[in-house]
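Each remark here refers to the structure printed beneath this line.
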Amino acid sequence: MPLQEILLQQLANGLILGSFYALVALGYSMVYGVIKLLNFAHGDLYMVGAFAGFGCLSLFSGWLGAGWAGIVPSILLSMVAVGLLGVVIDRIAYRPLREAPKLSVLITALAVSMVLENTVLAFTGGQFTAFSTDLGFAGIDLGLVHVTYTQMVLVGTSIVLMVVLELFVSRTRYGRAMRAIAIDPDACRLMGIDVNRTIALTFFIGSALAAASGVLAGVYYGSINFFMGFLIGLKAFTAAVIGGIGNIPGAMLGGLLLGLLEAFGTQIPGIGGQWKDVFVFAFLILFLVFRPTGILGKPEVERM
Amino acid sequence: MSEAVLRLEEVETYYGEIHALRGIGFEVREGQVVALLGANGAGKSTSLRTISGLVPARRGKVTFMGQDITRMAAHRIAQLGLVHVPEGRRIFKGMTIEENLDLGGFTVLDAEERRRRREAAYAMFPILAERRHRDSSLLSGGEQQMLAIARALMARPRLLLLDEPSMGLAPILVQEIMRTIRRLNEAGTTVLLVEQNARAALRLAHYGCVMETGRIVLAGEAAELRANEALTKAYLGA
Ligand SMILES: Nc1ncnc2c1ncn2[C@@H]1O[C@H](COP(=O)(O)OP(=O)(O)OP(=O)(O)O)[C@@H](O)[C@H]1O
Ligand SMILES: [Mg+2]
């Protein structure tokens, strides 16, 4: 393939990968922003989301088919179910530790991650599960590059979810409350804001976005497994840090950037598919040396 | 005789093992300004935190508008119209002035009503209006205090708790803050005011309580406390 086509192809791949990362990174970043918790279980919610979506699609496919008519309600149901799971996790695992040292909460998050992975492992026997759909390869041709409608819908869905989230956080009462809790939770309580409920809402939204990403990834790659959340959790964390952790547009940007880097990284001679993760994490380290607060993260402004 | 808006009875509060309030009781009546005075560490801020639910009492009883709020969650107490402007202002730095005000009006569901209240706040504090879309951390100390008060007023409080509103301000700004509090009170807001600046507070207040190590050691009409030179010297160091 001529260089131009290769670049275009990787641009498409990078955007798709990047939008999966971005959706997961958003939840990471939101939860960190609001309660300063690195929720290591977040990647596993993506995995659980993929399985929940798969379960729904299996139920619906006889009736709605395994095309978008079956996939869309599966995504929505998976988002609601995993969103509620996120709320339950916060309620039983994190809320009792709200005043505890950060390290205790981090260890709890690791434990939650193990519980989720091992529960799914127990149910699937560690096998890869085929996520088969009726989506074909129809699409449009740009030169030698073929972009399927599925790919376009995946990226489009991610973008719509991100825009809706950004509007919610910047314009609505509860969105404002989330940002205020990140700054001073006690002052929020004095304004009549139910801090625990707002945090639960943050978990709901973040987990639902991870689930959406998980189902979309299942649809795209055609196979899911209990371990699929691990690496994407790390990547999403990287994306959130690159974007400026706690910052929503930053998480989107970081996710897209990471996806593009990874896609183009595979094309660099000597890196290829084998070394792409090393390449990505090396980039993170270098990046943090030069810009520790991330692309959109601001250093704290203080004035008394 | 006017109604008691707030009543504390034998209230005891702890921070872990530290016994910060050792059984305090007083009343704030409708339309009054009550000043809570005392030296550093006497327990003034703790009293306000106990009333607003941030640090609930271990023993005793807090009643607001006839309702027992001793163990109510802080956000529920705020929703009842008891609004606490904490020590150090605690404005949401990094958010705009307008967003700070909107957060003060969090319990107001109607956006149009919130807008009206915002405009009322701007009319009262024109300096905030000019900078409504600017980051609140760029305000000076006095302006931040204005914002903290304006934010509290967004909820149309039945009772306003103010913790050292004059802290760290130049004398001219202290006067301005005190005038603002008087104006609010004349417009019908009941105020419980914590101050180190006892003279300024007693000029404004109807009633005063003096605290020392978690107890109220002296209470009375503001005029009496002002006249009582020996006591003012001993307890207020003024
Ligand atoms: N968060 C806390 N943890 C432990 N002890 C505290 C805490 N806050 C206050 N205290 C203690 O409780 C007592 C009362 O403190 P409080 O802040 O209520 O005093 P104050 O009268 O407001 O003083 P100031 O004029 O300095 O603001 C003090 O002995 C103080 O050391
Ligand atoms: Mg104090």
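The values are calculated or read from the model by the stated rules, or taken from the named source; none is laboratory data. Values in this document were obtained by computation on a predicted structure and should not be read as measured data. When we count neighbours, we look across all protein chains shown, and the Cβ atoms used for this are built from the backbone with ideal geometry, even at glycine.
When the residues of segment B:42-54 are filtered to those that are touching a Gly at 6+ places or on another chain (Cβ under 9 Å) and near ligand 2 (Cβ under 8 Å from one of its atoms), the one that is nearest to A:L190 (Cα to Cα) is B:T46. Filtered by the rule that a residue be within 16 Å of ligand 2 (Cβ to nearest atom) and of a type in the set (G, A, S), segment B:60-112 gives a lone residue, B:G88. Of the listed requirements (1) at positive phi; (2) more than 14 Å from chain B (Cβ to nearest Cβ); (3) touching a helix residue (DSSP H, G or I) at 6+ places or on another chain (Cβ under 8 Å), A:F168 misses just one: (1).
Using the structure shown, decide if B:L37 is in contact with a helix residue (DSSP H, G or I) (Cβ under 6 Å, 6 or more places away or on another chain), away from every other protein chain (no Cβ under 14 Å) and within 16 Å of ligand 2 (Cβ to nearest atom). Steps first, answer last, please.
Values: in contact with a helix residue (DSSP H, G or I) (Cβ under 6 Å, 6 or more places away or on another chain): yes; away from every other protein chain (no Cβ under 14 Å): yes; within 16 Å of ligand 2 (Cβ to nearest atom): yes.
Taking the combined requirement at face value, the residue satisfies it.
What are the residues in segment B:146-180 that are among the small types (G, A, S), closer than 27 Å to B:M65 by Cβ and within 16 Å of ligand 1 (Cβ to nearest atom), if any? Steps first, answer last, please.
Of all residues in segment B:146-180, those among the small types (G, A, S) come to B:148, B:150, B:152, B:155, B:166, B:168, B:170.
Keeping just the survivors that are closer than 27 Å to B:M65 by Cβ gives B:148, B:150, B:152, B:155.
Of everything in segment B:146-180, just one residue is among the small types (G, A, S), closer than 27 Å to B:M65 by Cβ and within 16 Å of ligand 1 (Cβ to nearest atom), namely B:A148.
Looking at segment A:114-231, the helices (runs of 4 or more DSSP H) lying wholly inside it that each contain 3 or more residues that are more than 27 Å from A:M47 (Cα to Cα) and of a type outside the set (F, W, Y) sit at A:173-183, A:185-190. Residues of segment B:19-42 being surrounded by fewer than 23 Cβ atoms within 10 Å (Cβ to Cβ), within 13 Å of ligand 1 (Cβ to nearest atom) and modelled with pLDDT of 95 or more, which ones? Within segment B:19-42, B:H19, B:A20, B:R22 meet the criteria. Note on segment B:130-148: residues that are modelled with pLDDT of 95 or more and either within 16 Å of ligand 2 (Cβ to nearest atom) or under 12 Å from the mean Cα position of the chain (by Cα) (or both) amount to 1. Among the conditions (1) away from chain A (no Cβ under 12 Å); (2) over 22 Å from A:I181 (Cβ atoms), B:D110 misses just one, which is (1).
Among the residues of segment B:193-215, those that are farther than 22 Å from B:Y14 by Cα and surrounded by fewer than 17 Cβ atoms within 10 Å (Cβ to Cβ) comprise B:R199, B:R203. Applying the condition of being polar (S, T, N, Q) and within 16 Å of ligand 2 (Cβ to nearest atom) to segment B:155-201 and asking which residue is farthest from B:R226 (Cα to Cα) yields B:S166.
All conditions but one from (1) at pLDDT below 95; (2) farther than 23 Å from B:R183 by Cα; (3) within 15 Å of ligand 1 (Cβ to nearest atom); (4) within 14 Å of chain A (Cβ to nearest Cβ) apply to B:G88; the one that does not is (2). Inside segment B:202-228, can you point out the residues that are farther than 24 Å from B:L184 by Cα and touching a Cys at 6+ places or on another chain (Cβ under 7 Å)? Scanning segment B:202-228 gives a single hit, B:I216.
The set of residues from segment B:163-176 being buried (at least 22 other Cβ atoms within 10 Å of the Cβ) and more than 12 Å from chain A (Cβ to nearest Cβ) comprises B:E164, B:P165, B:S166.
Among B:Q79, B:Q144, which is crowded, with 19+ Cβ neighbours inside 10 Å and either more than 9 Å from every other protein chain (Cβ to nearest Cβ) or not β-branched (V, I, T) (or both)? First the steps, then the outcome.
On the way: B:Q79 fails: crowded, with 19+ Cβ neighbours inside 10 Å.
Testing whether each residue is crowded, with 19+ Cβ neighbours inside 10 Å and either more than 9 Å from every other protein chain (Cβ to nearest Cβ) or not β-branched (V, I, T) (or both) leaves just B:Q144.
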